[in-house]
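Structure, as structure tokens:
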Amino acid sequence: MSGPLSPTQARGVYDRIGRTQDWQAFYEDPPVMLMLAESRIEEAMSIFELGCGTGRLAEELLRRLGPSAAYRGVDISPVMVELARRKLARWPERTQVVLSPPDGSLAGPEGSLAGPEGSVAMPDGSVDRFISTYVFDLLAQDQARAVLAGAARMLTPDGLLCLTALAPGIGRIERVVSHIWSGIWRLKPSLVGGCRPISIVPLLADGWEIRHHSFVQSYCLVSEVVVASPRQEDRSADPARAGPARQAGATRLAPADPARRSARLLPPPHR
């Protein structure tokens, strides 16, 4: 039985499949567009993306953002970083895409990210949107909690954590697909890009308030969408502490896009 890919293994996989990565748009786009809408992305002034991939989402963000908004993205794959840089070349003053450290961490001296290409400044409270799509389903739990600690440090007091990940199936057909996917992942994670269905909310530390939580089904695959904010009274505490996330309110589901009939919002599964 296998487990999550190591950062070195993940780098090798995505260097190999990076140029074909955007084919996953058929099931990723509906939940990602919902995440952007729920996070009021057009209001953002400084965005950090963990796992920028080919830069396809970053390109969409820069089209939506105001002319003074800035974007920083990191990826563990040199191939992905190069593809993203080419795609974002028309915004040289507003964008920075760098290769993340070999261990995939966000930690660094004095609020910096020390990667193979040098250090990139990431001061505390420097971004108002921390975005990561289909990356948490690649990470081991300790890696995911370390990323959340880094996000809490980097976000402004009113900043938002914006996550989308592959989730376990809810309906009968989706559960079968999820079971098959998980079985392949257990045998050989690289065959599914190292990703497996996960639940995001249990990973969130008690320093977060959930602003939006929903599930989107697209082509028999279910994705979880979470938008959360740092809980103000806990910002001075250790953001990596384990514990249940507090719901800021009832789960809010936006109307499905009628143009994407293959995608639909689902109620949260019964626990």
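The values are calculated or read from the model by the stated rules, or taken from the named source; none is laboratory data. Keep in mind that this is a model prediction, so the values were computed, not measured. Backbone-built Cβ (ideal geometry, glycine too); neighbour counts: all protein chains shown.
Within the stretch 1-39, the only residue that satisfies the criterion of being under 16 Å from the mean Cα position of the chain (by Cα) and outside any helix (DSSP H, G or I) is SER39.
Checked against the criterion of being at pLDDT below 95, of a type in the set (A, V, I, L, M, F, W, C), under 16 Å from GLN24 (Cβ atoms) and surrounded by fewer than 22 Cβ atoms within 10 Å (Cβ to Cβ), the candidates LEU203, LEU191 yield just one match: LEU191. The set of residues in the stretch 186-216 being under 14 Å from the mean Cα position of the chain (by Cα) and of a type in the set (A, V, I, L, M) consists of ILE198, ILE200, VAL201, LEU203, LEU204. Applying the set (1) within 24 Å of TYR27 (Cα to Cα); (2) among the basic types (Lys, Arg); (3) touching a residue at least 12 places away in the same chain (Cβ under 8 Å) to ARG63 leaves exactly one unmet item: (3).
Note on the stretch 14-28: among residues that are at pLDDT 90 or above and either surrounded by 20 or more Cβ atoms within 10 Å (Cβ to Cβ) or touching a strand residue (DSSP E or B) at 6+ places or on another chain (Cβ under 6 Å) (or both), the one that is farthest from ILE198 (Cα to Cα) is TYR14.
When you look at ILE170, is it at pLDDT 95 or above and surrounded by fewer than 22 Cβ atoms within 10 Å (Cβ to Cβ), yes or no? Spell out the reasoning first.
Values: at pLDDT 95 or above: no; surrounded by fewer than 22 Cβ atoms within 10 Å (Cβ to Cβ): yes.
No, not satisfied.
Here the condition is being assigned to a strand (DSSP E or B) and either surrounded by 15 or more Cβ atoms within 10 Å (Cβ to Cβ) or at pLDDT below 95 (or both); of GLU49, GLU60, it holds for GLU49 alone. Only a single criterion out of (1) in contact with a strand residue (DSSP E or B) (Cβ under 9 Å, 6 or more places away or on another chain); (2) modelled with pLDDT under 60; (3) of a type outside the set (S, T, N, Q); (4) surrounded by 14 or more Cβ atoms within 10 Å (Cβ to Cβ) is not satisfied by ALA240, namely (1).
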